[in-house]
Amino acid sequence: MSQPRSTFGWPDLLLVLSALVWATSYGVGQSALHWVPVPTLLTLRFGLAWLLLAPAWLRLRLTRADWLRVFRLGGLMLLTLALECWGLLHTSASHAALLISLCLVFTPLAEWAWLGRRPRSAEAIACALSLCGVVMLTAGGGLHLQLGDGLLLAAAMSRSALGVLTRQQMLRRPVPALALTGVQSGVVAFGALLAVLLIPAQSATLPTLSAGAGFWTAIAWLVIACTLFATGAQNLGARYRSATRVALLSGCEPAFGAVFAALWLDDRLGSWGWSGAALIIGAALLAVLPSPRQSALPPAQPGTA
């Protein structure tokens, strides 16, 4: 019989770190949107990421069917980000992070329907606890429903589909994480650029480095930390972990996002909110702790966790 082992590995650590970094994108993105419209911001952020990742995606050698699937993932990423950014214009950064967490409900069901993977009991309990934490965060933050909520709910559904389809691609034919991030960034950038060209009101003159130091600092963080690292880490996690587990570990994002918004943007976060944040993080830990039965099993092969 093998020795008990922890199921928490380096892919899980990367996913938690990506959630921590990605959570800051709501507040930083909201600050950048004071300078430019949504399509302009997406064009700049993902266009720069696409160029920086060119050495990775230029080496990709895929079949036509795989290229179409990878481009589909880019299209879903574009849809998700557009819904999130426009939703951010009509709600607070902390509220956005909370509503996005509803993908915790959609992802296990979508993975069960599309990939035939039924969520484990611990995962189902962790999802329920995370949603309880979201409710506590919302109550503790004094937040109210606003115009952007419908857009953010649609973004949560789109994000769930993106997670499951990314996992499906990694099971069918693994794609290097940075190369996949580069292709996705290119699709997002060109889609957003098309919106800028077709809708003149969505274009804007970029500030100079001296006049818009805060804007360019935000762009640098969004490109390097939130796109190259966080998105790349989530794509890598999809290679070794189920979509449900990726969603659960990324589910720390609302807690991190609410705390970041409280510290950076002065969003109010009361005792219920702090308790909800702790519950969300505890639920993520529950999902990765080994059960007694798992501890007695041989180590799982990559991609089966």
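The values are calculated or read from the model by the stated rules, or taken from the named source; none is laboratory data. Bear in mind the structure is a predicted one, so any value in this text is a computation, not a measurement. Here Cβ is always computed from backbone atoms with ideal geometry, including for glycine, and neighbour counts include all displayed protein chains.
Please work out if Ser185 is in contact with a Phe, Trp or Tyr (Cβ under 9 Å, 6 or more places away or on another chain), surrounded by 22 or more Cβ atoms within 10 Å (Cβ to Cβ), among the polar types (S, T, N, Q) and under 22 Å from Val105 (Cα atoms). Here the answer is no, as Ser185 does not meet what is asked. Applying the criterion of being within 14 Å of Leu89 (Cα to Cα) and at pLDDT 75 or above to the residues of segment 133-154, the residue that is farthest from the chain's Cα centre (by Cα) is Gly150. Of all residues in segment 229-244, those being in contact with a Leu (Cβ under 8 Å, 6 or more places away or on another chain), not hydrophobic (A, V, I, L, M, F, W, C) and not in a loop (DSSP other than H, G, I, E, B) number 4. In segment 170-204, which residues are more than 15 Å from Arg45 (Cα to Cα) and assigned to a loop (DSSP other than H, G, I, E, B)? Correct list: Arg173, Pro174, Val175, Pro176, Ile199. When segment 211-228 is filtered for residues that are touching a residue at least 60 places away in the same chain (Cβ under 8 Å) and outside any helix (DSSP H, G or I), only Gly212 remains.
Determine whether Leu194 is without any contact (Cβ under 8 Å) to a residue 24 or more places away in the chain, surrounded by fewer than 22 Cβ atoms within 10 Å (Cβ to Cβ), within 22 Å of Arg72 (Cβ to Cβ) and not β-branched (Val, Ile, Thr).
On the way: without any contact (Cβ under 8 Å) to a residue 24 or more places away in the chain: yes; surrounded by fewer than 22 Cβ atoms within 10 Å (Cβ to Cβ): yes; within 22 Å of Arg72 (Cβ to Cβ): yes; not β-branched (Val, Ile, Thr): yes.
So Leu194 fits the description; yes.
Looking at this structure, is Leu236 under 30 Å from Met170 (Cα atoms), under 27 Å from the mean Cα position of the chain (by Cα) and surrounded by 15 or more Cβ atoms within 10 Å (Cβ to Cβ)? Here the answer is yes, as Leu236 does meet what is asked.
Among the criteria (1) modelled with pLDDT of 80 or more; (2) outside any helix (DSSP H, G or I); (3) farther than 25 Å from Thr91 by Cα, the one Thr7 does not fulfil is (1).
Confirm whether Ala204 is surrounded by fewer than 15 Cβ atoms within 10 Å (Cβ to Cβ), at pLDDT below 80, touching a Phe, Trp or Tyr at 6+ places or on another chain (Cβ under 8 Å) and under 30 Å from Ala54 (Cβ atoms). Yes; evaluated as a whole, the condition is true for this residue.
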